[in-house]
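The values are calculated or read from the model by the stated rules, or taken from the named source; none is laboratory data. Remember, predicted model here, so these are calculated numbers, not experimental data. Cβ coordinates were reconstructed from backbone atoms using ideal geometry, including for glycine residues, and neighbour counts include every protein chain displayed.
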Amino acid sequence: MASGPHSSPYLHGSATVSRVMFTVLVALVPVVAAYFWLWGVSILSQLALAAITALIAEATILVLRKLPVRVALLDGSALVTALLLALCLPPSAPPWVVVIGVLFAIVVAKHLYGGLGYNLFNPAMAGYLVVLIAFPAQLTLWPVPDMYDIGAEAGVVVDSTTMATPLDRLRTGRLQGKPAAEAMAASPLLGIFPNGVTTILALAWTAGGLLLLATRTIHWRIPLALLLSLGLFAGICGWLNPTDHAGWLFHLFSGGTMAAAFFIATDPVSAATTPRGQIIYAAGIGLLIYLIRGWGGYPDGVAFAVLLMNIAAPLIDYFTIPRAYGE
Amino acid sequence: MIRLHGFRGGLTGLPGNKEVSTSMPVQRLAIPERLYLPISGVDSLTASIGDRVIGGQQLTNSAPGNSAIWHAPVAGRLVEVVDHPAPHVSGQSVPTLVLEPDGSDEMVDYTALGWSGVSFEELFAVVEAAGIIGMGGAGFPTCLKLSGAGSGMLSTLIINGVECEPEISCDDMLMREQSDKVVAATAKLAALLQVDKAYIAVEDDCPQALSRLAASIQSVKEIAVSAIELVKLPIRYPSGSEKQLIENLLGKQVPKGGFPSDIGVLCLNVATLCAVDDAVTQGIPLMSRIVTVTGDAVAKPQNRRVLFGTAVADLLSSCGGLIAEVDDLVMGGPMMGFALSSPLTPIVKTSNCILVQRAPVLGKRRPIMPCIRCGDCVDVCPAGLLPQQLYWFAKSGEHDKAERHNLFDCIECGACAYVCPSQLPLVHYYRVAKSEIRTQWAQLIKADGARERMQARDERLERREQEAAERRLRKRSQRKISTDNAEPPMSAEVKAAMARAKKLQQAGASETSEKSVLADKSTTPTESARD
Ligand code: SF4
Ligand code: SF4
């Protein structure tokens, strides 16, 4: 796109879209490292597949829409979408699941809505949701990391190399009427406990998130409001009914909570944009995550919660116009 | 000591570059061959084309309270009125009075009241007659500022020595070189207005001005020194904007649509204060100002005292001329200035700076991307707006939504565009949207007038019918033809419509100084009264 009219200001700060996007990519390094450490090299091929699919899809669509390709490819936004999506999938996900998810994210969720800046839904979450609904079997089982001596460490015998996530077990346990603690106890993928795989991932997402905060790539409002809201509801429910509910620490450090708080809900395009609106938006996601985890049909509610609040974002913005100077 | 309250939004870390233009003392610019005085906002000329005028002679009349009065900066002959490029963001040409100086220094015999002899009401008249408007950038008539405040109604006088933007140093130089005058005038004005407290606010990057002012406050013995406080502000853009300065000093905001006097404050730019002082103590009207010429494309950046009407080209050549290719001649600073359409554009009362930067600086622009709604612009907007939403509405022509999102509270400071990672020319969109909305208002007003005329016509027709019927009756009885004298009462009705239009316009535009923009294309379109 051409440069703009000669108009003030004639000074400009150093911020650019690509810088924002590449900071996000750098902030993903701890997460990639954690995957690598836990599951080895397979995550790299998954990321590469997602990235290449995204770039090809983006370039094709741009050509079809007769838009300049180079600038848009270099802005890094397609890469961010692809990598976020790939990092939501289990490392064992079949390649075609990755490709379908990314294609949906880029082609439908992003470009059919008008491209960068115009998409109503977070593309990564939309793509994730499509493959989750279409291929639940491939997405709900996570491989047990090689480094775990399966069974020995967790004290149980496991006869397969894949396992349900703690959130999934929590849900299954709930459906079978087992207390929360018992349902979770038998998994080597345990959250919050030492060596718990989910906890390691959550900590990696948090590390990346802190990097985003430190570089002022994201504002504290959304992560804080999301975590506070989820923690609060989980805390209240856990306190009222400790048998059925797993407690706030578990919820904060399992599933996609940290990824959502720092990387997904903070996607500026699909989030609310007024300061007060962002707090409402993120608190809404936190609440919805808990409702879906506790009572919904899927073990984790991050993607649904984010997409639902995406729909509400324009309305939230409308009702939270800030007070102008002197008003 | 005052405790600063800060203000919302804003930018830190802008390159000030003041030292570039402050190494030389302020020198007067030689009288140019021609002076160009834009007269689009004035009512009538008080001298005829071809007349010889002398320095200080009033050349134009204007509506009361408008202060768009020109005085001849020097003696010379009025040559013509031509369309000439105006110092306005639109770059349009407007009718301009051309004065050819004849080299004589003949001047009007000024009479002055002096601070001790002037009453509050007289001050208003003196300021109006001297043609003083805010010299910080917005050009709001100073007499109107005073009129909002009866004597004793104000509690605080703020003298704004905060340069409105980076690069500009004309107020800094004025305070350095005339600190005694600034302090004395502040004291006298404060006494006349019976304010409780007077502040002189200066930013941290003007150490010389600060120390000179402090010394002057110490040495000017006859004033009640305790009432004047010199305030050193941390560097933060736009500290010099009137509303932000008031918020920063007093912790109060000027009410939306209101004036500083509504909260008991009078805020004057230092240069404006000095102009008031000249008018009161010497009777001299406003005929020149200090202008910063800076940027890396001019040979000798400096501040110059320039007669109004001087072409920018003359000013630049007096500073060694351009030494590099430039994309734009910018009038004003890097954040709020605008590109001039011609180097012959004249310096006017609000022209604080001419900025010329080497072409690559402006040319090496990064590509414009779509808004990613990152909200960085929201965090820096001093007016508390949602720049990204305004951009959206401005772009899609949703003017009603833009207005509901307070488009007209935007002071066009450019902070949002400065931080925007998508390099969007946000301010440009706001300016366009504002002017489109103003045009709509104007059309509404016109339509209103048309409706009135339509009504008048209908009534007239009806009356004619009636009269015709009566005539026929009379004809039948008297067989005598009466003359049709149903002269339409057009002029009175149009006048009424116009009065209502004006009221509407004021109601619509009263938020800020847009009235003057509507009326006078030659003023800059900034609403942030910085005077
Ligand atoms: S800073 Fe630019 S990209 Fe970010 S929200 Fe504002 S207008 Fe949009
Ligand atoms: S230009 Fe207007 S919208 Fe942008 S930061 Fe300044 S006041 Fe806010």
Elements of type helices (runs of 4 or more DSSP H) contained in the range B:179-265, each with 2 or more residues being over 30 Å from B:Gly13 (Cα atoms)
B:179-193, B:207-219
Those residues that are crowded, with 16+ Cβ neighbours inside 10 Å and in a strand (DSSP E or B), I need them from the range B:101-137; list them, please.
B:Pro101, B:Ile133
Just give me the residues in the range B:382-425 being within 12 Å of ligand 1 (Cβ to nearest atom), touching a Gly at 6+ places or on another chain (Cβ under 8 Å) and among the aliphatic types (A, V, I, L, M), in sequence order.
B:Ala415, B:Val419, B:Leu424
Please work out if B:Ser342 is at the interface with chain A (Cβ under 8 Å from one of its Cβ atoms) and either within 16 Å of ligand 1 (Cβ to nearest atom) or touching a residue at least 60 places away in the same chain (Cβ under 8 Å) (or both).
no
Options B:Pro73, B:Pro95, B:Pro87; residue that is under 30 Å from B:His428 (Cβ atoms), part of a loop (DSSP other than H, G, I, E, B) and not hydrophobic (A, V, I, L, M, F, W, C)
B:Pro87
Please tell me if B:Met335 is farther than 26 Å from B:Arg34 by Cα, facing chain A (nearest Cβ under 9 Å) and in contact (Cβ under 8 Å) with a residue 60 or more places away in the chain.
yes
Given the residues A:Thr273, A:Thr266, A:Thr257, which is the only one that is more than 14 Å from chain B (Cβ to nearest Cβ), surrounded by 24 or more Cβ atoms within 10 Å (Cβ to Cβ) and of a type in the set (Val, Ile, Thr)?
A:Thr257
Of the residues A:Val63, A:Val31, which is aliphatic (A, V, I, L, M), more than 8 Å from every other protein chain (Cβ to nearest Cβ), more than 26 Å from the chain's Cα centre (by Cα) and not in a loop (DSSP other than H, G, I, E, B)?
A:Val63
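For (1) away from chain A (no Cβ under 13 Å); (2) in contact (Cβ under 8 Å) with a residue 60 or more places away in the chain; (3) more than 13 Å from B:Ile158 (Cα to Cα), each residue gets a yes or a no:
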residue: B:Ile235; (1), (2), (3): yes, yes, yes
residue: B:Glu242; (1), (2), (3): no, yes, no
residue: B:Ile246; (1), (2), (3): no, yes, no
residue: B:Lys256; (1), (2), (3): no, yes, yes
residue: B:Phe259; (1), (2), (3): no, yes, yes
residue: B:Leu268; (1), (2), (3): yes, yes, no
residue: B:Thr281; (1), (2), (3): yes, yes, yes
residue: B:Pro285; (1), (2), (3): yes, yes, yes
residue: B:Arg289; (1), (2), (3): yes, yes, yes
By my count, helices (runs of 4 or more DSSP H) wholly in the range A:227-327 with at least 1 residues that are under 29 Å from B:Arg8 (Cβ atoms) are A:275-295, A:302-319
The range B:56-83: number of residues that are surrounded by fewer than 21 Cβ atoms within 10 Å (Cβ to Cβ) and within 16 Å of B:Pro285 (Cβ to Cβ):
6
Would you point out the residue of the range B:426-435, among those that are more than 8 Å from chain A (Cβ to nearest Cβ) and within 13 Å of ligand 1 (Cβ to nearest atom), that is surrounded by the most Cβ atoms within 10 Å (Cβ to Cβ)?
B:Leu426
The range A:66-117, subset on the phi > 0 side of the Ramachandran plot and within 14 Å of another protein chain (Cβ to nearest Cβ), residue modelled with the highest pLDDT
A:Gly76
Any residue in the range A:164-180 that is among the β-branched types (Val, Ile, Thr) and either crowded, with 18+ Cβ neighbours inside 10 Å or modelled with pLDDT of 90 or more (or both)?
yes
Test set (1) at pLDDT 85 or above; (2) closer than 20 Å to B:Arg305 by Cβ - B:Cys164 fails condition number
(1)
Could you list, in sequence order, the residues of the range A:294-327 that are more than 9 Å from every other protein chain (Cβ to nearest Cβ), touching a Lys or Arg at 6+ places or on another chain (Cβ under 7 Å) and buried (at least 19 other Cβ atoms within 10 Å of the Cβ)?
A:Pro299, A:Asp300, A:Gly301
Filtering the range B:362-389 down to residues that are more than 8 Å from every other protein chain (Cβ to nearest Cβ), surrounded by fewer than 24 Cβ atoms within 10 Å (Cβ to Cβ) and touching a residue at least 24 places away in the same chain (Cβ under 8 Å) yields B:Gly363, B:Val380
Just need a number here: residues in the range B:279-325 that are at pLDDT below 90, part of a strand (DSSP E or B) and crowded, with 22+ Cβ neighbours inside 10 Å.
1
Test: B:Leu355 is farther than 30 Å from B:Ala112 by Cβ and assigned by TED's automatic domain parsing to the domain that holds B:Val98:
no
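One line per residue, one yes/no per condition, for (1) surrounded by fewer than 17 Cβ atoms within 10 Å (Cβ to Cβ); (2) within 16 Å of ligand 1 (Cβ to nearest atom):
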{"position": "A:Ile43", "(1), (2)": "no, no"}
{"position": "A:Arg65", "(1), (2)": "yes, no"}
{"position": "A:Pro68", "(1), (2)": "yes, no"}
{"position": "A:Asp75", "(1), (2)": "no, yes"}
{"position": "A:Leu84", "(1), (2)": "no, no"}
{"position": "A:Trp96", "(1), (2)": "yes, no"}
Counting only residues that are within 16 Å of ligand 2 (Cβ to nearest atom), give me the helices (runs of 4 or more DSSP H) lying completely in the range B:350-449 with at least 2 of them.
B:376-380, B:387-396, B:399-404, B:415-419
Which number in (1) farther than 26 Å from B:Ile411 by Cβ; (2) of a type in the set (D, E, K, R); (3) surrounded by 16 or more Cβ atoms within 10 Å (Cβ to Cβ) marks the one condition that B:Arg52 misses?
(3)
Tally time: how many residues in the range B:393-406 are within 10 Å of chain A (Cβ to nearest Cβ) and either touching a helix residue (DSSP H, G or I) at 6+ places or on another chain (Cβ under 6 Å) or over 17 Å from A:Thr273 (Cα atoms) (or both)?
2
